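Trainee: Dumping the structure here so I can ask a few things about it.
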Amino acid sequence: MSINLLLVSPYSMNFFGGVQNQIDLIKASLRGEDFNVKVLSPDSPDFNIGEAIKIPFNGSIAPIKLFPKRKIIKESLKWADIIHIHEPFIPLCFWRIPVNSKTIITHHSSISIFISSIQKMLIKNERKAAKITAVSNEAAKNVVQGLNVRIVPNAIAPEEMNIYFNTSRDILFIGRNERRKNFKLYYQLSELLKNSNYSFRAITNKNIRAPNVELYLNPDDEIKNEVLKISSIYLAVNTHGESFGITILEAINAGCIAVCSDITPFKDLLGDTGVYFKNNNLEDLKQTVERLVKSDMRAIYNNQKKHIDKYSLNKVMPSWISLYTQI
């Protein structure tokens, strides 16, 4: 007998984001297994609670539905054998989804201490969940104190094509035009190195005045993958508010060396294989990039590529299947 698994997301499935990406991967990978999988979210093809609006949240813009369709929620809960709530702070505040012995909760975000303290006072019924997980130690800080939490990292789909790493000086930025993504630092680096043989590309969501940078605004997956594959160095210059770093894994998986700010989530992600610079320090970033291009870049890339294998979907999914079958 198959299990009806309901994946709950506060974010619209029509927008790209880390939570939506993981839900899509889980749903696709369980196709053909002993599960029927449906998604409850704004703009879901399964249980659609309504069209999302964009609101500021946690230093970003969240596409959510503040007042969802209760009839749809009740219908989805009646259908589900297991409810897997992703990013609980938004849905539990506004949706009042019941948390009980058939509920799994997953924390994704790194949020401020102030927001976290308020949410923990509001979300008292998290203690009733069958299992609580987090994508990283940083995200686990959001869990109510005293509860057991299991770390299940985000996953990446394995790259099906052969990866070709080129030792060029093509430098890439990926991120929304938000302060914490720190495009400003990336652009400043392009200004410092504009008379050298470096090239700079950025995948982002808004037009930004950056004469030395080739911009790709909201590209589809095909164009995004092409840009990744012609780049050799990916700069994760984020300053704060990160809990994992799925884009870093995607960039490495597509053939880029990742150079990251030395914030704890990124160091936890890549460990000794990472190339780090002092957070928001332009001079240290410049020196780090210049040292990198003079080193054995292929060996550095191979170490990073080998390291991220532990985040492959075929390594992560057994943990989810184990949790789903235990409750």
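The values are calculated or read from the model by the stated rules, or taken from the named source; none is laboratory data. In this text, all values refer to a predicted model and were calculated from it rather than measured experimentally. Don't worry about glycine lacking a Cβ; one is built from the backbone with ideal geometry, like all the others, and counts go over all protein chains shown.
Trainee: Looking at E283, E226 in this structure, which one is at pLDDT below 95 and either closer than 25 Å to L193 by Cα or of a type in the set (S, T, N, Q) (or both)?
Mentor: Unique residue meeting the criteria: E226.
Trainee: Anything in segment 142-162 that is within 30 Å of T103 (Cβ to Cβ) and more than 17 Å from the chain's Cα centre (by Cα)? List them, or say none.
Mentor: Matches in segment 142-162: V143, V144, Q145, G146, L147, N148, V149, R150.
Trainee: Output the residues belonging to segment 138-156 that are in a strand (DSSP E or B) and either small (G, A, S) or farther than 19 Å from F266 by Cβ (or both).
Mentor: R150
Trainee: Being of a type outside the set (F, W, Y) and touching a Ser or Thr at 6+ places or on another chain (Cβ under 7 Å) is the filter here, so list the residues in segment 211-244 that pass it.
Mentor: N212, V213, L215, L217, S232, A236, V237, N238, T239, G241, E242, S243 - these are the residues of segment 211-244 that are of a type outside the set (F, W, Y) and touching a Ser or Thr at 6+ places or on another chain (Cβ under 7 Å).
Trainee: Consider segment 263-276. How many of its residues are outside any helix (DSSP H, G or I) and more than 21 Å from N302 (Cβ to Cβ)?
Mentor: 1
Trainee: Taking strands (runs of 3 or more DSSP E) that do not extend beyond segment 163-255, which have at least 3 residues that are more than 17 Å from the chain's Cα centre (by Cα)?
Mentor: Fully inside segment 163-255 and qualifying: 170-174, 199-204, 213-217.
Trainee: A further question on this structure: Out of V227, V259, report the one residue that is among the hydrophobic types (A, V, I, L, M, F, W, C) and under 29 Å from K141 (Cα atoms).
Mentor: The unique qualifying residue is V259.
Trainee: Now for a separate question. For segment 181-209, give me each residue that is of a type in the set (S, T, N, Q), modelled with pLDDT of 95 or more and in contact with a helix residue (DSSP H, G or I) (Cβ under 8 Å, 6 or more places away or on another chain).
Mentor: Correct list: Q188 only.
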